[in-house]
1. Show the residue pairs meeting these rules: Cβ distance below 9 Å; 6+ apart or different chains; first residue within the stretch 193-204 and at pLDDT 95 or above; second residue aromatic (F, W, Y) and in a helix (DSSP H, G or I).
2. Please find, among A390, A367, A386, the residue that is under 20 Å from L72 (Cβ atoms) and either hydrophobic (A, V, I, L, M, F, W, C) or at pLDDT 95 or above (or both).
3. Starting from residues that are over 21 Å from N398 (Cβ atoms) and not hydrophobic (A, V, I, L, M, F, W, C), keep the ones in the stretch 251-282 and report whichever is nearest to the ligand (Cβ to nearest atom).
4. Enumerate the pairs (first residue in the stretch 217-233 and surrounded by 13 or more Cβ atoms within 10 Å (Cβ to Cβ); second residue anywhere and in a loop (DSSP other than H, G, I, E, B) and among the hydroxyl-bearing types (S, T, Y)) with beta-carbon separation below 8 Å, excluding pairs fewer than 6 apart on the same chain, so at least 6 apart or on different chains.
5. Need pairs with beta-carbon distance below 8 Å; first residue at positive phi and within the stretch 135-152, second in a loop (DSSP other than H, G, I, E, B) and more than 12 Å from the ligand (Cβ to nearest atom); sequence gap 6+ or separate chains.
6. In the stretch 138-154, is there at least one residue being away from the ligand (no atom under 16 Å from the Cβ) and not hydrophobic (A, V, I, L, M, F, W, C)?
7. Restrict the check to the stretch 378-390 and report whether at least one residue is free of Cβ contacts under 8 Å to residues at least 40 places away in the same chain and assigned to a strand (DSSP E or B).
8. Give the residues of the stretch 220-250 that are more than 16 Å from the ligand (Cβ to nearest atom) and in a helix (DSSP H, G or I), sorted by residue number.
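The values are calculated or read from the model by the stated rules, or taken from the named source; none is laboratory data. As the structure is a prediction and not an experimental result, all values here were calculated from the model. Quick reminder, even Gly has a Cβ in these numbers, built from the backbone with ideal geometry, and neighbours come from all protein chains shown.
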Amino acid sequence: MRLNCASTRLLCCLFSASAFALAFSGCANKAAETGPSGGGSSASAPIIVGEFASMTGAQATFGSSTDKGVQLAAAEINKAGGIDGHQIAIHLENDEGQPDAAATAVKKLITQDKAIAILGEVASKNSIAAAPFCNSNRVPMISPSSTNPKVTQTGPYIFRVCFIDPFQGTVAAKFVTGTLKAKTAAVLYDKTSDYSNGLQDFFQKAFVAQGGKIVLVRTYQAGDPDFRSSLTTIKAANPDILYVPGYYNEVGTIARQARQLGIKAPLVGGDGWESPKLIEGAGGPGGALEGSYFTDHSALDEKDPVVKKFVESYKAANNGQSPDALTGQGYDAAGVLFAAIKAAGKPEGGDYNTDTFRAKVRDAIAATKGYAGATGDITLDADRNAKKSAVVLQIKGNNYKNVIATFQP
Ligand code: PHE
């Protein structure tokens, strides 16, 4: 689905009026754009940044949470005068959580909208589908939170501001063997998801390396409504824990059906569980996910002044609601990009959308070191990935963000 500025603005109003109003002042500037590139060749033309996200569909909270962070970052920089007098205009495309639509979205953002850089996606599958077009057109892309290694392996223009799944899977294995004293695990994963496929593999290897035994591995496909036949065999195998590295909507159903069948073992998952809809999908507070654990990106620690400022401005723009980890990742992906555009300097001839200028932006992103983000300090390694700590969260009542442990990279 394509969202032009007008429809994007309408949709955005539903989420958070003030941050969006500020961020989308870029849209209003659109009419005043001059120059054939649309990339900001006149003295006051906005710098166009594309964003592709799942604003609807099975992973809708991934897109909406992330976008709120992106919009906040854009609103802040625009309020402070933009970059060299140019406002940042975020052009958002909804990919509905579908890889084909993700690829189409970035094509449109790059060829029609003339975006000079791209932010997105959350789900690794969608980032993997879109990255080749960005890379071959030499348009830098930063994924806020796709953790599968393949995303940045696409090529030199593709970055992320989060850790990768070999680390996340190892953290899960260390936690369940070390803290939960698990000796055996069963694994149930989504075979249609690059993320789920990768993470279960990294978890299994690390679990075995920690001395654990995998007693059973079963698969499902995103959208499946019934997991009972797999869960029945899992129950018979009686594992100490059940590892389910999926996305929040299936996880809720899996948890409910597991408890109905009498599986008592804790469920353990990864960042794909992160959603304000997670607990609801598992039957509400105290329901099927009560006491279960998942690994995630930073817990936003408000003792840190950067985090405090982020949380406060987010709350002010969002009726007092707290941001989640995805929002923080979106905010930081945008922040790293804007810092890199600034660091790239003024483009020769004033046009921001040239191969030469985008290459400078690419180099500046690649050189990111110790960027003080809301989700922690961000330093990009030679593979264009961030090295960051992970947290283990436990679900208790209405709260899915109880920090149980933190693991350093
Ligand atoms: N890491 C997941 C993936 O790569 C996406 C995700 C990140 C989901 C953070 C929720 C929270 O597919």
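1. Every condition considered, the pairs that remain are F202/F167.
2. Values: A390 fails: under 20 Å from L72 (Cβ atoms); A367 fails: under 20 Å from L72 (Cβ atoms).
Going through A390, A367, A386 in turn, just one is under 20 Å from L72 (Cβ atoms) and either hydrophobic (A, V, I, L, M, F, W, C) or at pLDDT 95 or above (or both): A386.
3. It comes out as G270.
4. A222/T192; A222/S193; A222/Y247
5. Here the result reads R138/Y157, each pair linking the stretch 135-152 to a residue that is in a loop (DSSP other than H, G, I, E, B) and more than 12 Å from the ligand (Cβ to nearest atom).
6. Just the residues of the stretch 138-154 that are away from the ligand (no atom under 16 Å from the Cβ), to begin with: 138-140.
Now narrow it down to the ones that are not hydrophobic (A, V, I, L, M, F, W, C): 138, 140.
The answer is yes, given that some residue of the stretch 138-154 is away from the ligand (no atom under 16 Å from the Cβ) and not hydrophobic (A, V, I, L, M, F, W, C).
7. Checked the stretch 378-390: no residue is free of Cβ contacts under 8 Å to residues at least 40 places away in the same chain and assigned to a strand (DSSP E or B).
8. R228, S229, S230, L231, T232, T233, I234, K235, A236, A237
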